[in-house]
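Structure record follows, encoded as structure tokens.
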Amino acid sequence: MIQIFHLAKAYQKEKPVLVDVTFSVEKAEFVYLTGPSGAGKTTLLQILFCEIAPTSGQVLLMGRNIGRVNTRSVPFLRRRIGVVFQDFRLLPNRTVTENVAVTLEVLGRPRREIARRVYVMLKNVGLAHRARAYPEQLSGGEQQRVAVARALIDEPDILLADEPTGNLDEDTTRDIMRLFSDANAKGTTVILATHDRRLYEASGRRVVRLEKGRAVFDSNIRLDDDEARRQLNVSFRPRRGGEDGP
Amino acid sequence: MIRRFLYFFRQAANAARRSPMLGTATVGMLAVVFLLFDGYLLLALNLDRLAERWIGQVRLVVFLAPDTDPERAQELVLRLEEHPQVQSGVYVSKDEARERFRKDFPGDAEILEGLGENPLPASIELALSREALEPETLLSMKTEIEKLQGVEEAVFGRELFTRISGLVRFIHLAGLLFGLALVLAVIFLSANTIRLNLYSRREELEILQVVGATRWFIRWPFLIEGAMQGLFGAGASLLLAYGLYALAAAPAAAALSGPFGNIGPVFLSPGVCLLLLFSGAGLAGLGSLVAIGRFWRAI
């Protein structure tokens, strides 16, 4: 679904954000992208979302090399990707319904279909009773559920989430994670960037850890699999007593 | 397709509802700019009509030499009527000229009596085609005709004619400049409003891009909003212009009734009004596109 080869990004020459990142993600896989602040998680997601171009390296997204996708085709690629941000990014002067509907409006779906699908989606995320509310009238958790509903309503192939629970309490975080898991169970590939180890430690899911722009850990690669490490160019740092984990 | 455009119209209407002051102010400013242009067009149209009326009455008068007999004069009439620019020629004998003088200047009739022999020359009055009524053409015709045997002089109200032709040209040239100024002003005003709108809705546009909106999907509502402002601005200006015209028409008609016959002022034709409305929509829409183009480059 996603193949990343020797990806590098530098906004300034002497300060690279991503140095040499290589890994791939299978269809319907759920991957946690972890690492401290400034490790390059957001930049990697921005590249996957065609928001910024890499300095070097290649990314194959659903079989397309995003370096070769022309500007006009980017929106069509994005329609197959849902994105959730830490700060929700809702339209402040539109209702919950309108915020979720925007994804389908962009696709030119009929109004009746939009109304039906938005209603079903809002029920799924537990916000049907808040359909006419404006974002400022919602709690942080509710706002994030609206953002998730907006990202998932057209059943995207890929869901990218950048610290989606960064501003939320534990209970709300659990609700949001359940929505991601549900989407993943239906076949959506999920890449979730977070530095919150509580999210991924007990999940049993794949974890790729970035540090200073490099992939330093990938739970899919076995310690003794030198060939795989060489091919993927992942510099590996093994766990030591759980302290230095991803 | 229709569904999509209805959506764009709704978005444009929603945007206008969200910032009614800005939209109204823009329509007002566009109306003032268009009113200036409407005023110019009205003035130009009516002056043009007056000038045309006067120019249409211009005759090239060919005075005949004293020894030219009436037969020769008739020959000349036939010959001059063969000229492609001449529509008709009328021979005015010496006696007819005297009668006209008496009729036109009844108080001065004794002057002719005192002179004994009729001093007025016979002439041929040529009505010319509209294309010939240009100072250069008239001059070359004059020279050509004066070479004919039996012709003493060919005259037309040269100085006045040149002035009026000059005035007509000036009006047309001023129209070009005025039109250009209008185009720039409308584009600038509209672009400025849409630019403010774009920046105030920047976050929204980013989100639209996130969910896969194409640039045209984002452009259309702004384009429609700008075009609507232009349409309403131009429409309001026409209503105002018509109001002012209605107030000024009667006194203007009274002032003009004497020297030019019964030629009252007229308002812009429906075609011109439609053209102004479309120009308003088109130019303001263009202004929106300019603003959006600059916005994409800036963000």
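Observations on the model:
- Only residues that are away from chain A (no Cβ under 14 Å), touching a Phe, Trp or Tyr at 6+ places or on another chain (Cβ under 7 Å) and among the hydrophobic types (A, V, I, L, M, F, W, C) were counted in region B:211-238, giving 2.
- Filter result for A:Val21 (closer than 20 Å to B:Ala213 by Cβ and either modelled with pLDDT under 90 or within 14 Å of chain B (Cβ to nearest Cβ) (or both)): no
- The single condition among (1) within 14 Å of another protein chain (Cβ to nearest Cβ); (2) in contact (Cβ under 8 Å) with a residue 40 or more places away in the chain that A:Lys41 does not satisfy is (1).
- Checking A:Arg72, A:Arg117, A:Arg109, A:Arg68 one by one, the residue that is away from chain B (no Cβ under 12 Å) and farther than 30 Å from A:Arg209 by Cβ is A:Arg117 and no other.
- Number of positions in region B:100-125 that are under 40 Å from the mean Cα position of the chain (by Cα), modelled with pLDDT under 85 and surrounded by fewer than 16 Cβ atoms within 10 Å (Cβ to Cβ): 6
- Here A:Ala133 meets each of (1) in contact (Cβ under 8 Å) with a residue 40 or more places away in the chain; (2) of a type in the set (A, V, I, L, M, F, W, C); (3) not in a helix (DSSP H, G or I) with one exception, condition (1).
- Pairs where the first residue, in region A:144-160, is within 11 Å of another protein chain (Cβ to nearest Cβ) and the second is small (Gly, Ala, Ser) and not in a helix (DSSP H, G or I), C-beta under 7 Å, 6+ apart: A:Ala151/A:Gly82; A:Pro156/A:Gly82
- Of the strands (runs of 3 or more DSSP E) lying entirely inside region B:83-187, the ones with 2 or more residues being touching a residue at least 60 places away in the same chain (Cβ under 8 Å) and among the aliphatic types (A, V, I, L, M) are found at B:123-128, B:151-155.
- Matching entry among A:Gly57, A:Gly40 (being surrounded by 22 or more Cβ atoms within 10 Å (Cβ to Cβ) and in contact with an Asp or Glu (Cβ under 9 Å, 6 or more places away or on another chain)): A:Gly40
- Residues within region A:108-130 that are surrounded by 18 or more Cβ atoms within 10 Å (Cβ to Cβ) and farther than 27 Å from B:Trp216 by Cβ, tallied: 4
- Some residue of region A:73-96 being farther than 14 Å from B:Leu208 by Cα and surrounded by 22 or more Cβ atoms within 10 Å (Cβ to Cβ): yes
- Test: residue in region B:191-208 that is of a type in the set (Val, Ile, Thr), under 30 Å from A:Val74 (Cα atoms) and away from chain A (no Cβ under 14 Å): yes
The values are calculated or read from the model by the stated rules, or taken from the named source; none is laboratory data. This one's a predicted model, so the numbers in the text were calculated from it and none came from an experiment. We place every Cβ from the backbone using ideal geometry, glycine too, and count neighbours over all the protein chains shown.
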